[in-house]
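The values are calculated or read from the model by the stated rules, or taken from the named source; none is laboratory data. In this text the structure is predicted, and so the values were computed from the model without any measurement. Neighbour counts run over all protein chains shown; Cβ positions are idealised from the backbone, glycine included.
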Amino acid sequence: PLVAVIIVAAGSGTRLGHELPKAFVPLAGRTLLERAVESVFGMREAAQVIVVAPEDRLDEARALAAGRAGSAVGYLDVVSGGDSRQASVKRGLAVLRPDVDTVLVHDAARALTPSALCDAVVAAVRASGAGVVPGLDVVDSIKRVDSQGAVLAGVDRQDLSAVQTPQGFPRRMLLSAFDTATEEQTDDAALVLSAGFPVSVIPGDPLAFKITTAWDLHRAELLLSARAQ
Ligand code: CTP
Ligand code: MG
């Protein structure tokens, strides 16, 4: 059975504030989309890679993604996204090949994610038969506050995990969760959990951070230039 990875890249990147949609913004000479695709095609096993792109940039997304697929044996599909991340994931799910048993959903915005993290998620889904999300321990003290900024209570960080993507699921669980979804959830794990399926956390990777703001893009540039030394 095959693994599919849906790379959602159809957002506009409002918080980044760049003239280009976020996935098409260059990071040290290569777009976030190219970097994300390259990482996914670097997985140990062949995959069906499904890029979900803005409707008016499908050809551009296809060219960028195909250029990074290298000699990897797998499949590449490019489809147009929807108005929300969840709608974009759903568009990707519609083109799953019949032989896919495990589906990963990944943010193009997590452009520096190591291929090994994708491999680890696939292995954990296969071993557990459940949903798997990478997560990092929370190091900051977290407070619950009201709208005026008054601190209401502390939150025990032992109870918290800062989750990332790729998030992986058995195909039937993810499809069933999307079929029964009635409202927008923050991520795919939330959707699957609300449909009543188990989800567990495995160790994430600091390099899988999401590029959201201009500061994040700058941090990614610094990391790449340090690596080149
Ligand atoms: N995404 C998508 N379709 C949407 C919205 C988001 O495919 N309608 C994707 C983005 O391209 C991104 C990932 O979901 O790779 C995570 O979303 P986020 O970081 O919020 O990206 P944007 O929505 O583009 O950014 P912003 O919220 O700042 O506008
Ligand atoms: Mg967004």
- Can you find a residue in region 65-84 that is modelled with pLDDT of 95 or more and over 23 Å from Leu96 (Cβ atoms)? no
- Item | Those residues of region 184-218 which are over 23 Å from Leu160 (Cβ atoms) and more than 16 Å from ligand 2 (Cβ to nearest atom), in sequence order | His218
- Considering (1) out of contact with any helix residue (DSSP H, G or I) (no Cβ under 8 Å at 6 or more places or on another chain); (2) free of Cβ contacts under 8 Å to residues at least 40 places away in the same chain; (3) more than 24 Å from Ser128 (Cα to Cα); (4) surrounded by fewer than 16 Cβ atoms within 10 Å (Cβ to Cβ), say which one Asp77 fails and leave the rest. (4)
- Would you be able to tell me the number of residues in region 12-69 that are polar (S, T, N, Q) and either over 22 Å from Arg171 (Cα atoms) or within 11 Å of ligand 1 (Cβ to nearest atom) (or both)? 3
- Message: For region 66-179, give me every one of the strands (runs of 3 or more DSSP E) that falls completely inside it and has 2 or more residues that are over 21 Å from Val192 (Cα atoms) and among the polar types (S, T, N, Q).
- Response: none
- Item | Any hit, region 61-69, residues being more than 25 Å from Leu27 (Cα to Cα), of a type outside the set (D, E, K, R) and surrounded by fewer than 22 Cβ atoms within 10 Å (Cβ to Cβ) | no
- Inspect all residues belonging to region 9-27 and state whether any of them is surrounded by fewer than 18 Cβ atoms within 10 Å (Cβ to Cβ), without any contact (Cβ under 8 Å) to a residue 24 or more places away in the chain and more than 21 Å from Ser84 (Cα to Cα). yes
